[in-house]
Amino acid sequence: MTAGSIATGYVRLLPPTGPVRPDSYDFSFDSYFAGIGASGFFLGNPKIVASGGAPPAAPLSSAIEKAREAIADHISGSIGGAEGEIAALIVGVRAGIPEEINEAMRRTGIYHIISISGLHMALVAGTIMGLLRGAYAGWSDYRAGKATAPPPRRSPLAFITRKFLLATGGLAMTSIIAGSATALFAIWHFQRVSPLSLFANLAVMPIVSLVVIPAAVLSALAMPFGADGPFLYVVGKGLTAMIALSGWISERSPIDAVGLISLQSVLLVTIALVIATMATTWLRLAALPFVLAGLPTITETRAPDVLISEDAHLVALPIGGGELALNRVRSNEFATDNWKRALKSETIVEPETIDKGDVRFDIADPADLPTDAPFYCTAGLCLARIRPVRSLRSPKTARQRGQPAPSRT
């Protein structure tokens with residue numbers, strides 16, 4: 001099966017999924033505006049059928065996609081290994097990057113390298129502009145019979161040192177500004193922080209900016225002539241250094257998951273950032289009250305007592321000690337990882353069954369549960385002892401209705 005193939009078979013379609021927990025990213029919102037009404041999988045092997053009935057633009061789209069996949073295969077095959085899978089990003093393919101490398105880059109704050117960011121576009125544009133202008137100027141001098149004036153004598157060591165310090169200072173300032181402006185939103189969305197991101201960016205970005213991306217641009221230009229081998233070799237060696245550095249720094253990162261933070265704090269600090277960015281006079285000082293009000297309340301949030309998946313098949317309960325109890329041995333990995341980060345849980349506790357010889361306990365009766373039992377399931381019913389939870393109704397509302405106030409359990 002290739003891009004543009006028409007397949008037939010039985011499929012199971014499901015509506016786009018929503019958030020995996022309260023206040024998290026809503027995938028169905030994005031799917032709606034992308035025109036995606038459902039997703040699913042084939043029930044068995046699909047069969048390829050003859051083309052026909054495809055939209056008019058399908059042949060062109062499939063031809064472009066096939067060319068992109070062919071170039072990605074060429075790049076990854078020429079370089080090999082994880083470096084080749086990362087280099088396939090030249091044509092926007094990144095599905096083959098090993099998860100451990102993705103995770104190392106996330107922990108060190110350099111995962112933006114895997115995105116098509118403004119920095120990357122600037123580096124590519126700068127490389128192409130330098131090549132064109134250097135060639136637009138050389139040709140003009142040649143036609144005019146002019147010789148380029150030799151540059152003034154300068155110590156090579158001083159020149160290299162000056163350029164290195166300027167590049168390092170620029171990268172440091174970029175990392176500090178971008179990291180400070182986006183750290184709170186990264187914690188809000190992903191519940192993780194990269195304390196060594198400044199160090200990691202200073203170590204990795206010179207390799208990416210000065211070696212990998214220029215060599216990648218030159219390889220793309222030389223590829224139609226079959227002369228891209230040397231440039232891809234340089235790309236691969238640069239990515240090898242990047243992988244080694246990110247892995248080394250990731251192993252020494254002291255913090256990763258930080259749990260949920262207060263929405264009130266995020267909103268207040270956002271207002272402060274907007275004021276500090278937009279104002280150009282002493283009015284910037286108006287951002288300080290919002291910062292002082294937002295930062296102290298950043299941890300004033302309470303994690304959910306129980307987390308339930310959208311289809312209600314997966315239930316999780318934080319039982320203390322950094323443990324998260326699940327009602328299923330085989331759980332949805334994406335939802336589980338999200339819940340673990342949100343609740344700062346490191347260990348998953350799988351459900352146990354209560355047996356006494358050949359007689360199974362009736363866990364509907366709490367008296368049958370052992371005193372040290374954290375979480376037990378049987379016959380589709382689970383029982384757990386957790387910390388006190390919030391009431392679904394306030395005692396005041398219950399008394400107003402003439403009903404007994406709910407107890408805290």
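The values are calculated or read from the model by the stated rules, or taken from the named source; none is laboratory data. Keep in mind that what you see is a predicted model, and the values were worked out from it rather than measured. Please note: Cβ atoms are built from the backbone with ideal geometry, for glycine as well, and neighbour counts cover all protein chains shown.
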Kindly list the number of the only condition in (1) out of contact with any Ser or Thr (no Cβ under 7 Å at 6 or more places or on another chain); (2) over 30 Å from Leu295 (Cα atoms) that fails for Leu268. (2)
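Name the residue that is modelled with the highest pLDDT, counting only residues in the stretch 33-57 that are within 11 Å of Ile6 (Cα to Cα) and among the small types (Gly, Ala, Ser). Don't jump to the end; show me each part of the working.
First, the residues of the stretch 33-57 that are within 11 Å of Ile6 (Cα to Cα): 46-54.
With among the small types (Gly, Ala, Ser) added as a condition, the list becomes 50-54.
On the way: Ala50: 71, Ser51: 61, Gly52: 60, Gly53: 62, Ala54: 66.
Here the answer is Ala50.
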Restricting the stretch 217-262 to residues that are part of a loop (DSSP other than H, G, I, E, B) and among the polar types (S, T, N, Q), which is farthest from Ala67 (Cα to Cα)? Ser262
Conditions (1) more than 29 Å from Phe185 (Cβ to Cβ); (2) in contact (Cβ under 8 Å) with a residue 12 or more places away in the chain; (3) of a type outside the set (Asp, Glu); (4) in contact with a helix residue (DSSP H, G or I) (Cβ under 8 Å, 6 or more places away or on another chain); number of the one not met by Gly77: (2)
Report, ordered by the first and then the second residue, all pairs with beta carbons closer than 6 Å, sequence separation of six or more or different chains, a first member in the stretch 260-282 that is free of Cβ contacts under 8 Å to residues at least 40 places away in the same chain, and a second member that is of a type in the set (Phe, Trp, Tyr) and part of a helix (DSSP H, G or I). Leu268/Phe290; Ile271/Phe290; Ala272/Phe290
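Residues that are touching a strand residue (DSSP E or B) at 6+ places or on another chain (Cβ under 6 Å), among the acidic types (Asp, Glu) and buried (at least 16 other Cβ atoms within 10 Å of the Cβ): which helices (runs of 4 or more DSSP H) entirely in the stretch 1-102 hold 3 or more of them?
Working: elements: 27-33, 58-79, 81-87.
The helices (runs of 4 or more DSSP H) meeting that bar number zero.
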